[in-house]
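Everything below concerns the one structure shown next.
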Amino acid sequence: MAERVWIRDLRPGDDLQESFVIKSRDLRQRRGGGQYLAAVIGDRTGEVTALAWERVDRLAEVCEPGEVVRIGGQIQKYQGRTQVIIRRAEKLPSEEIDLRNYVRSAATDAKVLWSTFQDIISEVEEPRLKQLLYRVFSDPEVERGFRSAPAAKTMHHAYRSGLLEHTVSAMQAARPLASHYKLNEDLVLAGVALHDLGKVWELCIGNTIEYTDDGRLLGHLSLEVLHVDRIISEIDGFPSELRKHLLHILLSHHGEYAYGSPRRPKTPEAMLVHLVDNMDSRMAGMFEAINADGDSDEAWSSLSKMLERNIYRRRP
């Protein structure tokens, strides 16, 4: 059996006959008239632009977003970026699809991330906060979703277990900063642990990442606040002041109204959770841009949609 050709290993000039998942598809107008197909195809190692100039209508029918498609064509380089020219395409039969080939996962195994996450939670000393965290994350549905969910559809940690990876990383960064600024460390850790909980219900992951109906209608901030507040109401003696602080952290962690935050941070703990969340997501965006072109020797990355800039790829 021939060895699979991964996105990260594509070499300009080579012919291509391999299966990929269609991430997106768009019909665009050519300058001289007529249409061409512009798609993004991917596997667990990355994604790349794919174009079709001939038999456009037929290929557009086959290349539906979310479908796994066997593509025949050629790999080329244009303006320093690798892309695929599609000549042929056919849907892969379901019995031949191994999702592990097409769905990217966190670099660290989810079991290891989950163990680290539980270890950090165990360090929370405030009894009501610890009880809340144990109740939330001992729910089998929540645990299952939290361990596998992406952190976003496209922007950062947009892959299986990305939510868990992002949360663990942010908690590890937040702990020494909370100590440095003499903040309530338990509140900060609980806030970071719960700040994206709603993505368990906002996003679903299969061949691609999509928003659920609840995600589109309510959004993850609303979903997590409703869930956390319900659990709080079931804990006898949960301090009302602590409840206000924690829910404020969740409602304000996007930082600004322009970024969908119902509240802006108005406590030191809320500000730190927002900044750590933003820092971790943007650092992930940096490395995503640097690594997106595989082992290309180009000095600059492709334009990062998240960061709205090209990133210098050469490391000191």
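Data for the structure
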read-out: Members of the range 135-170 that are of a type in the set (A, V, I, L, M) and either touching a Leu at 6+ places or on another chain (Cβ under 6 Å) or on the phi > 0 side of the Ramachandran plot (or both); value: Ala149, Ala151, Leu164, Val168
read-out: Failed item, numbered, when Ser169 is tested on (1) touching a Lys or Arg at 6+ places or on another chain (Cβ under 9 Å); (2) surrounded by 18 or more Cβ atoms within 10 Å (Cβ to Cβ); value: (1)
read-out: Matching helices (runs of 4 or more DSSP H) fully within the range 180-244 where at least 2 residues are more than 30 Å from Leu92 (Cα to Cα) and assigned by TED's automatic domain parsing to the domain that holds Val142; value: 185-194, 213-217, 219-233
read-out: Test result for Tyr257, surrounded by fewer than 16 Cβ atoms within 10 Å (Cβ to Cβ), among the hydroxyl-bearing types (Ser, Thr, Tyr) and in contact with a strand residue (DSSP E or B) (Cβ under 9 Å, 6 or more places away or on another chain); value: no
read-out: Selected residue [over 16 Å from the mean Cα position of the chain (by Cα) and of a type in the set (Gly, Ala, Ser)] from Gly191, Gly198; value: Gly191
read-out: Per-region count, the range 72-95, residues without any contact (Cβ under 8 Å) to a residue 40 or more places away in the chain and over 27 Å from the mean Cα position of the chain (by Cα); value: 9
read-out: Per-region count, the range 98-132, residues in contact (Cβ under 8 Å) with a residue 60 or more places away in the chain and either more than 23 Å from the chain's Cα centre (by Cα) or under 30 Å from Val68 (Cα atoms) (or both); value: 14
read-out: Every residue from the range 34-71 that is more than 28 Å from the chain's Cα centre (by Cα) and part of a loop (DSSP other than H, G, I, E, B); value: Gly34, Trp53, Glu54, Arg55
read-out: The listed residue being touching a residue at least 24 places away in the same chain (Cβ under 8 Å), surrounded by fewer than 16 Cβ atoms within 10 Å (Cβ to Cβ), over 19 Å from the mean Cα position of the chain (by Cα) and within 30 Å of Ala107 (Cβ to Cβ), out of Glu269, Glu298; value: Glu298
read-out: Count - residues of the range 1-33 that are in a strand (DSSP E or B) and either without any contact (Cβ under 8 Å) to a residue 12 or more places away in the chain or not β-branched (Val, Ile, Thr) (or both); value: 13
read-out: Residue in the range 4-18 that is among the small types (Gly, Ala, Ser) and within 22 Å of Asn207 (Cα to Cα) present; value: no
read-out: Residues located in the range 33-63, provided they are over 28 Å from His157 (Cα atoms) and not aliphatic (A, V, I, L, M); value: Gly33, Gly34, Gln35, Tyr36, Trp53, Glu54, Arg55, Asp57, Arg58, Glu61
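The values are calculated or read from the model by the stated rules, or taken from the named source; none is laboratory data. Predicted model, so just to flag it, every value in this text is computed and none were measured. Heads up, the Cβs are rebuilt from the backbone with ideal geometry, glycines too, and the neighbour counts pull from every protein chain shown.
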